[in-house]
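Enquirer: My questions all concern the structure below.
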Amino acid sequence: MKQRVVVELSTPELKERLVEEQVQLSKLTLNHAISPIENPNKIKEQRKTIARLKTEVRKRELTA
């Protein structure tokens with residue numbers, strides 16, 4: 001997910017998406033621990049997406 005897409009989301013959507021992404025990351029990590037996934041870079045991309053979402057949430061908290 002690109003940063004410009006993150007900025008366009010509303011705050012409730014942003015928080016909901018953050019929870020969804022965290023759940024998906026935990027599933028990916030668990031699946032990778034059991035049997036290696038085809039593309040382990042997905043885990044890296046997922047962590048970066050979560051970081052982008054958290055950054056935007058924090059930025060909005062500070063400006064509010």
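The values are calculated or read from the model by the stated rules, or taken from the named source; none is laboratory data. Only a predicted model underlies this, so the values are computations on that prediction, with no experimental measurement involved. Here the Cβ positions follow ideal geometry from the backbone for every residue, glycine too, while neighbour counts run over all protein chains shown. Calculation scope for accessible area: heavy atoms of the full protein, side chains included, ligands and nucleic acids excluded. Shrake-Rupley method; radii C 1.70, N 1.55, O 1.52, S 1.80 Å.
Enquirer: Among the numbered conditions (1) open to solvent by 70 Å² or more (accessible area, probe 1.4 Å); (2) part of a helix (DSSP H, G or I); (3) acidic (Asp, Glu), tell me where GLU21 comes up short.
Expert: (1)
Enquirer: Given (1) modelled with pLDDT under 95; (2) surrounded by 14 or more Cβ atoms within 10 Å (Cβ to Cβ), where does VAL5 come up short, assuming only one miss?
Expert: Going through (1) modelled with pLDDT under 95; (2) surrounded by 14 or more Cβ atoms within 10 Å (Cβ to Cβ) one by one, VAL5 breaks only (2).
Enquirer: Let me ask something additional. Contact list please: Cβ distance under 7 Å, first residue in the range 10-32 and within 14 Å of GLN46 (Cα to Cα), second residue among the β-branched types (Val, Ile, Thr) and open to solvent by 80 Å² or more (accessible area, probe 1.4 Å), pairs at least six apart or on different chains.
Expert: That search, which allows pairs on different chains as well, returns nothing.
Enquirer: Same structure again: Based on what the data block shows, is GLU56 open to solvent by 100 Å² or more (accessible area, probe 1.4 Å), part of a helix (DSSP H, G or I), among the acidic types (Asp, Glu) and free of Cβ contacts under 8 Å to residues at least 60 places away in the same chain?
Expert: Judged against the criteria, GLU56 is not a match.
Enquirer: Taking the conditions exactly as written (part of a loop (DSSP other than H, G, I, E, B) and open to solvent by 100 Å² or more (accessible area, probe 1.4 Å)), does GLU38 satisfy them or not?
Expert: yes
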